[in-house]
Structures are given as C-alpha cells and as structure tokens.
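Enquirer: This is the structure I have questions about; it appears just below.
The values are calculated or read from the model by the stated rules, or taken from the named source; none is laboratory data. Please read these numbers as outputs of a predicted model, since none were measured by experiment. Counting neighbours? That spans all protein chains shown, and the Cβs are built from the backbone with ideal geometry, glycine included. Protein only, heavy atoms only, side chains kept; ligands, DNA and RNA dropped before computing areas. Shrake-Rupley method; radii C 1.70, N 1.55, O 1.52, S 1.80 Å.
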Amino acid sequence: MSQRRVVVVVYPGAQALDIAGPIEVFDTVNRQLPGSDAGYRIEFVSADAPLVRTCSGMQIGAAPLEAGEGPIDTLLVPGGWSLKEALENRELVSWIRRASARSRRVASVCGGAFLLAEAGLLKGRRATTHWAFCADMAQRYPDVTVDREPIFVWDGRFVTSAGVSTGIDMALALVEADHGAAFALEVARFLVLFFKRNGGQSQFSAILEAQLADRAPIRAAQEWILENLEQPLPVPEIAERANMSVRNFARVFRREVGTPPGQYIEQMRIARARKLLESTDLPVAQIARRCGFPAPETFFRSFGRALELTPNEYRHRFQAISPSGLIVGPDQADRSTV
C-alpha cells in the first residue's frame, strides 16, 4: 500500500493548533509504523508560500498551491482568526473546490468548515464548527445543516470538526478508518490522551455556559434551575420567583436564552445526567433521580430523544477514566459544573 497523501492548505492567520493537532496524529502513525508504506505523506500548500504566518505568530513552510495537484487522500482545511479574509480570497476558495474533487476525503477543523461551505462542498450536507460560530454558519449557508452538538461530523467523504483541539479527535477517527480501532487507540495512548473521544461527544457544556441571559431576572432563574435540578421545577413557580407572569416569563426567557423554559430545563437535566454518566459509576436510576426525572422510564425517553443513545450506551462510549484507572467519584462529580 502506498502512503496516503495528506495535503494541508494553509493561509495567513490560520490557527496553528488546527494544523498541528491533526498533523501530529498522522505523524505519530508514521513513527508507529517505521519503514512502512501504510502511513501518511504530509504536504503543506499555500497561495502565500513559501512561509505562512499563523495567528499565533508561528510560521509554516509551504509549497505553492500548484504543488497540491494530483490525487489526494485527505485534504485538510484549518480555521483561523483571519477567516473573513480567507473567505474573500477567491483563489483559495476556488482551489479548495477543485482540490476536493481530487480527494478521497475532505476534512476541516473549526472555522475551516466555512471555507468548505463557501466552496459549495457542504450543500445539502450535515456539518459542524466551533460552537460560537454555529449560528453564523447556519445563517450564512442555509443549505448546510449545521449541528452544533458533536465534536465532529462525518457526512459522506466530508468530515468537519468543532473547535481547535477536536481536530485531534477527528484525525484519530480518520486513522481508525484507515488502520482500525486498536491501532488508533495505541496512537492516542502514545500522544498521552486519556481516552479517544467519539464524534458523538458534545460541545454541549460550552454552549450552555454561553446561553446565560443578559437580563438579571432570567439569569437568576437559570442559576436557580441549575442549583435545583433534582426538584420538579414547574415553570409557574420559576416565573413567580422572577416576579413575572408566566406568559411574560416564557416570552422573555425564550428571547434571552433561545429556548422555552421547559425545554431549557430538560436540556439542563440531560447535561447533568451526561456528566454523571461520564464521571461516576452511579446506577442509572439514581442518576435519573438526581437530575429531576420522575422515573427512570422518563429519563430513558428524554435521553434517547436528545442523543439517540440509551444512558448505558452513552456511559459505555464516554465514561472518563482517571490516569490511575479509577472513575471519578460521585462526590467529585457533584461539585463539577454542568
């Protein structure tokens, strides 16, 4: 088997870790398979060759775009703080469009998904990007189904990943597709990653933190919800605490937070349950009670509706093991944030 050709397109102001993270994964494969043709041949190309400065000041040596001609196994497109300028660079966008046609698969990290969408490559497809930019991407490219939840999304031969470090998880998934799960886990271990995150792992916690309302009564209601998730939490009671009518509270809450109060409460319950499933060995029924679900059956229905997984399936995939091999205790989990 000949080496798989990985072509990374770089531009001024690209995010260094968007590039270095995946590339270190591919390079680790090469080091794990010394002298083998089963690894990766990594190339950097740029319209600004031969030396491209990233947003952090790191400089990357690159060949001109023409050097990227010919068949490509994996085309990698990073994001960066200069994304606005990159999107206006018609030469760059056009090259990405043409290069994708010669690529077995096309991958992006963080804001790199915008460049794929700008090139028309994500039309009718599901994709993700950094949680902070998902709404902008959905508005700018209405023909793309933007999923703000997963850390990466694989749709056909296109793989888009979320913010910065998730490019490492995406690259490990590509290695797994090429070399199998056992080898990908060995690569993760060599890189001193405690576990390899599946694409279904979520950006959810960061999104929830970003949803805190500006108006004090609504923000206080949110904080009270988080502190009392094990309680029934009827919306009229929360509205009364906010000194607002139920109708006005629901209207203002939705405007400030983006979801109705009842839906927000369920999201918080699911987020708390995920944290406990990931970090404790508590029985599922006990987790359901701690998160305010009146019965395990209700918990199972809500969890499945939100994630298309059972709680036990989620735990099997995402339970975090500490470096000592022990699962974080329930008391520690309770002190962590949702």
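Enquirer: Look through segment 250-264, keep the residues that are open to solvent by less than 20 Å² (accessible area, probe 1.4 Å) and either in contact with a Gly (Cβ under 8 Å, 6 or more places away or on another chain) or within 20 Å of P150 (Cα to Cα) (or both), and return whichever of them is modelled with the highest pLDDT.
Expert: Y264
Enquirer: Would you check if there is a residue in segment 100-115 being within 22 Å of the chain's Cα centre (by Cα), more than 16 Å from L174 (Cα to Cα) and among the aliphatic types (A, V, I, L, M)?
Expert: The answer is yes, given that some residue of segment 100-115 is within 22 Å of the chain's Cα centre (by Cα), more than 16 Å from L174 (Cα to Cα) and among the aliphatic types (A, V, I, L, M).
Enquirer: Also: Is there any pair with a first residue in segment 1-23 that is assigned to a strand (DSSP E or B) and a second that is surrounded by fewer than 19 Cβ atoms within 10 Å (Cβ to Cβ) whose Cβ atoms are under 6 Å apart and which are 6 or more apart or on different chains, and what are they?
Expert: Within 6 Å, the pairs are R4/D73; R5/R41; R5/D73; V6/I42; V7/E43.
Enquirer: Please verify whether E176 is in contact with a helix residue (DSSP H, G or I) (Cβ under 6 Å, 6 or more places away or on another chain), in a helix (DSSP H, G or I) and charged (D, E, K, R), treating the condition exactly as stated.
Expert: For E176, the condition - in contact with a helix residue (DSSP H, G or I) (Cβ under 6 Å, 6 or more places away or on another chain), in a helix (DSSP H, G or I) and charged (D, E, K, R) - is met.
Enquirer: Go through segment 68-88 and count every residue that is open to solvent by less than 50 Å² (accessible area, probe 1.4 Å) and either among the small types (G, A, S) or modelled with pLDDT of 95 or more (or both).
Expert: 14
Enquirer: List the number of the failed condition for T337; all other conditions in (1) surrounded by fewer than 16 Cβ atoms within 10 Å (Cβ to Cβ); (2) hydroxyl-bearing (S, T, Y); (3) touching an Asp or Glu at 6+ places or on another chain (Cβ under 9 Å); (4) at pLDDT 60 or above hold.
Expert: Single failed check for T337: (4).
Enquirer: Now for a different question. So W95 passes all but one of these: (1) open to solvent by 60 Å² or more (accessible area, probe 1.4 Å); (2) aromatic (F, W, Y); (3) under 17 Å from P12 (Cβ atoms). Which condition number does it fail?
Expert: Evaluating W95 over (1) open to solvent by 60 Å² or more (accessible area, probe 1.4 Å); (2) aromatic (F, W, Y); (3) under 17 Å from P12 (Cβ atoms) leaves (1) as the failure.
Enquirer: Could you list, in sequence order, all residues of segment 13-57 that are in contact with a Ser or Thr (Cβ under 8 Å, 6 or more places away or on another chain) and either loosely packed, with under 15 Cβ neighbours inside 10 Å or of a type in the set (D, E) (or both)?
Expert: Once the filter is applied, which keeps residues that are in contact with a Ser or Thr (Cβ under 8 Å, 6 or more places away or on another chain) and either loosely packed, with under 15 Cβ neighbours inside 10 Å or of a type in the set (D, E) (or both), segment 13-57 yields only D37.
Enquirer: Tally time: how many residues in segment 130-173 are open to solvent by less than 40 Å² (accessible area, probe 1.4 Å), modelled with pLDDT of 95 or more and in a loop (DSSP other than H, G, I, E, B)?
Expert: So the count comes out to 2.
Enquirer: Return the only residue of A273, A306, A295, A288 being buried (at least 21 other Cβ atoms within 10 Å of the Cβ), at negative phi and at pLDDT below 95.
Expert: After applying the criteria, what remains is A273.
Enquirer: Starting from segment 145-174, keep only residues that are closer than 11 Å to R105 by Cβ, then list their pairs with residues that are open to solvent by less than 10 Å² (accessible area, probe 1.4 Å) and of a type in the set (F, W, Y) whose Cβ atoms are within a distance under 9 Å, requiring at least 6 positions of separation or different chains.
Expert: Listed pairs, sorted by first residue: L174/F26.
Enquirer: Find all pairs meeting these conditions: Cβ atoms under 7 angstrom apart; at least six residues apart or on different chains; first residue within segment 247-270 and assigned to a loop (DSSP other than H, G, I, E, B); second residue open to solvent by 50 Å² or more (accessible area, probe 1.4 Å) and not basic (K, R).
Expert: none
Enquirer: Hey, another quick one. Kindly provide the set of residues from segment 309-331 that are open to solvent by 40 Å² or more (accessible area, probe 1.4 Å) and either touching a Ser or Thr at 6+ places or on another chain (Cβ under 7 Å) or modelled with pLDDT of 80 or more (or both), ordered by number.
Expert: Within segment 309-331, T310, N312, E313, H316, I327, V328, P330 meet the criteria.
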